[in-house]
Amino acid sequence: MAAVVEQGTLTLEPLSRRRATVDRLMQAAVYAAFTLALIPLVWLIVTVISRGVGRFMIDSDGESHFNWDFLTQSMRGVYGGMPAGGILHAATGTLIITLIAAAISVPIGLLTAIYVVEYGRGPLKRAITFFVDVMTGIPSIVAGLFAYALFAVLAGPGTKTAIVGAVALAVLMIPVVVRSSEEMLRIVPNELREASLALGVPKWLTVLKIVVRTAFAGITTGVMLAIARVIGETAPLLIAVGVADSMNWDPLDGRMMTLPVYIVSEYRKGPQPCNNPDVACIADITVQRAWAAALVLILIVMALNLIARLIAKYLSPKTGR
Amino acid sequence: MAKRIDVNNLNAFYGKFLAVEGVSLSIEPKSVTALIGPSGCGKSTFIRTINRMHEVIPGARVEGEVLMDGIDLYGTNVDPVAVRRHVGMVFQRPNPFPTMTIAENVLAGIRLNNRRLPKDQAEEIVEGTLRAANLWDEVKDRLERPGSSLSGGQQQRLCIARAIAVKPDVILMDEPCSALDPISTLAIEDLMAELKENYTIVIVTHNMQQAARVSDRTAFFNIAGAGKPGKLVEMNATSVIFSAPAEKATEDYISGRFG
């Protein structure tokens, strides 16, 4: 222990043993918690990569070397233990449906947030905030059933198209977009609004060109996170869009495959019988496809996050330092 | 340019709370008018009523008249946005727009209103305005840098440049130097002395030496107690207010024997 430092009437106590111990303990606890949180994440990534690359290493003759078949083929005409078949149709389906969902939910969500933060007052504002909170808690399967039921009324019973799935995802996305945009609009300093208004700029232009512009990077990040949140949704898409084996570019007509649904349906097929030794056949090809699709899905989400970060970095207010 | 303002019997409210009561005064064109008084006496509230920024706060409203060259700014057909184009404002904390460069900040009042400017004209306005704000020599080599890269004093002069770029008739300054060091304060005070050649300037300040240095006329506001409305105690030429005020309260305040 260090000695007490004394000089005249000034006495400086040394760091007490108790505080030093507590400091060590808390440090250890923080690191331990961080490591614990990291374990499942690392485990998951390692598992998905190690099991997911298998499908990329088999070509359609059953030869084992790296190829892109999995990304360039759909499941059209693929059956049994054929070492072929890919996710082209599912990946495009996921991108189409997610894009439409974003196109529906971003304007609605952003305008709602602008209303709540910049214009709303009194009971209507409170009601909107309340219902957005309620919407956050809607189970995804309920959103899927809602969209399915809605289009059963609008377009006839049994309608399963990409647009139905997009509506279901939009229902899930809107509250997330509203919440995150609200937060981002709120942290724009009021001084900037006043500075703009005092220059004789009308309120709507102030909101558009100062408030939304200043918050734009944060809003983009929020939107990307909302997309990442719904891109892995399975249950609502299973109900609203269904399952397909072939490419379908038309969101208004016919079923469309998506990556999460693809994973489920491949996994469900289970091991395939390989009885003819003359035909290339792999018994667990379906499971390999499921893992490989999971890997691609994770990579897509990662890419979206990276794009969001780049946009945020490029557009965020400059500090000049 | 440089218009006269006459305020008649003005009351300013926040909801039901009466913050400023019964103010009547005249602001001369091409001069600096200082508003002094203790904290909470309604100086800032009052100055914000002159360009209708007071009503931006939810629940805030104004009664009475503010006449600019005889036209009531609170008349039924007057658009507050139009008022703010004639009466500019500089705030206590420098607040350049963080997403804009120095040049864009100067042009903000024009560009934000969706008016297109030819490039040469824009450059002319940027240079002329920054020169008028005594900032040109310091920033001419870095006009494309963000406004927030400047020091506090430079940012405040940038905000003044931004305010005069839209060619207002009156400039309101709400404690423009209270966040600045003495050297930056001096730069702003010199600038005010130049700007009053062309503009009517109203400044709120807590610094009585500053009021004495820069203003031609001074108005003293006071408040009877917490929860009571602020009132105008007296207004006169600055030299008179600081040497021979008519009211005891004014004398107590400027000599530091307050409360």
- Task: Scan the range B:90-100 for residues that are at the interface with chain A (Cβ under 8 Å from one of its Cβ atoms) and more than 17 Å from B:Leu180 (Cα to Cα) and report the count.
- Result: 3
- Item | Positions within the range B:122-148 being of a type in the set (A, V, I, L, M) and at pLDDT below 90, in sequence order | B:Ala132, B:Ala133
- Message: For the list (1) surrounded by fewer than 17 Cβ atoms within 10 Å (Cβ to Cβ); (2) over 25 Å from A:Ile227 (Cβ atoms), I need the number of the one condition that A:Gly85 fails.
- Response: (1)
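Which members of the range B:101-122 meet the condition of being in a helix (DSSP H, G or I) and more than 7 Å from every other protein chain (Cβ to nearest Cβ)?
Taking the range B:101-122 first, the residues in a helix (DSSP H, G or I) are B:102-111, B:119-122.
If the condition is that a residue be in a helix (DSSP H, G or I) and more than 7 Å from every other protein chain (Cβ to nearest Cβ), then B:Ile102, B:Ala103, B:Glu104, B:Asn105, B:Val106, B:Leu107, B:Ile110, B:Arg111, B:Lys119, B:Asp120, B:Gln121, B:Ala122 are the ones that fit.
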- Query: Are any of the residues in the range B:229-241 free of Cβ contacts under 8 Å to residues at least 24 places away in the same chain, assigned to a helix (DSSP H, G or I) and acidic (Asp, Glu)?
  - Reply: no
- Task: Among residues belonging to the range A:174-217 that are hydroxyl-bearing (Ser, Thr, Tyr) and within 11 Å of chain B (Cβ to nearest Cβ), point out the one that is nearest to B:Arg85 (Cα to Cα).
- Result: A:Ser196
- Task: Scan the range A:241-270 residue by residue and report those that are without any contact (Cβ under 8 Å) to a residue 60 or more places away in the chain and surrounded by fewer than 19 Cβ atoms within 10 Å (Cβ to Cβ).
- Result: A:Val243, A:Val264, A:Tyr267, A:Arg268, A:Lys269, A:Gly270
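Those residues that are part of a loop (DSSP other than H, G, I, E, B) and surrounded by 22 or more Cβ atoms within 10 Å (Cβ to Cβ), I need them from the range B:15-53; list them, please. Step through it out loud before you land on a result.
Let us first name the residues in the range B:15-53 that are part of a loop (DSSP other than H, G, I, E, B), namely B:15-16, B:28-31, B:37-42, B:51-53.
Scanning the range B:15-53 gives B:Gly37, B:Cys41, B:Gly42, B:Asn51, B:Arg52, B:Met53.
Does B:Leu135 satisfy being closer than 27 Å to A:Lys203 by Cα, away from every other protein chain (no Cβ under 14 Å) and touching a helix residue (DSSP H, G or I) at 6+ places or on another chain (Cβ under 6 Å)? Lay out the reasoning, then the answer.
Working: closer than 27 Å to A:Lys203 by Cα: no; away from every other protein chain (no Cβ under 14 Å): yes; touching a helix residue (DSSP H, G or I) at 6+ places or on another chain (Cβ under 6 Å): yes.
When the stated conditions are applied, B:Leu135 does not pass them.
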- Determine the pairs where a residue that is closer than 16 Å to A:Thr214 by Cβ, located within the range B:88-103, has a partner that is of a type in the set (Lys, Arg) with Cβ atoms under 7 Å apart, the partner being 6 or more residues away or on another chain. B:Pro98/A:Lys318; B:Thr99/A:Arg213; B:Thr101/B:Arg145
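Conditions tested, residue by residue: (1) more than 16 Å from the chain's Cα centre (by Cα); (2) without any contact (Cβ under 8 Å) to a residue 24 or more places away in the chain.
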| residue | (1), (2) |
| --- | --- |
| A:Gln288 | yes, no |
| A:Trp291 | yes, no |
| A:Ala294 | no, no |
| A:Leu299 | no, yes |
| A:Ala303 | no, yes |
| A:Ala312 | yes, no |
| A:Leu315 | yes, no |
- (1) at positive phi; (2) touching a residue at least 24 places away in the same chain (Cβ under 8 Å): which one isn't true of A:Pro83, the others all being true? (1)
- Task: Tell me, yes or no, whether the range B:89-104 has at least one residue that is among the charged types (D, E, K, R) and within 17 Å of the chain's Cα centre (by Cα).
- Result: yes
- Does B:Thr200 count as polar (S, T, N, Q) and over 25 Å from B:Arg85 (Cβ atoms)? no
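What number of residues within the range A:46-78 are assigned to a strand (DSSP E or B), in contact (Cβ under 8 Å) with a residue 60 or more places away in the chain and either among the aromatic types (Phe, Trp, Tyr) or surrounded by fewer than 17 Cβ atoms within 10 Å (Cβ to Cβ) (or both)?
First, the residues of the range A:46-78 that are assigned to a strand (DSSP E or B): A:58, A:64.
This time we only want the ones that are in contact (Cβ under 8 Å) with a residue 60 or more places away in the chain, so: A:58.
Checking which are either among the aromatic types (Phe, Trp, Tyr) or surrounded by fewer than 17 Cβ atoms within 10 Å (Cβ to Cβ) (or both) leaves us with none.
Number of matching residues: 0.
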- Item | Restricting the range B:139-166 to residues that are farther than 12 Å from B:Val106 by Cα and surrounded by fewer than 17 Cβ atoms within 10 Å (Cβ to Cβ), the residue that is nearest to the other protein chains (Cβ to nearest Cβ) | B:Arg145
- Message: For the range A:109-120, check the following and say yes or no: at least one residue is touching a residue at least 40 places away in the same chain (Cβ under 8 Å) and either of a type in the set (Gly, Ala, Ser) or under 29 Å from A:Ala290 (Cα atoms) (or both).
- Response: yes
- Selection from the range B:54-79 of residues outside any loop (DSSP other than H, G, I, E, B), within 14 Å of another protein chain (Cβ to nearest Cβ) and in contact with a Phe, Trp or Tyr (Cβ under 9 Å, 6 or more places away or on another chain) yields B:His54, B:Ala60
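The values are calculated or read from the model by the stated rules, or taken from the named source; none is laboratory data. Computed from a predicted structure; not experimentally measured. A quick note on method: Cβ atoms are made from the backbone with ideal geometry, for glycine too, and the neighbour counts reach across all protein chains shown.
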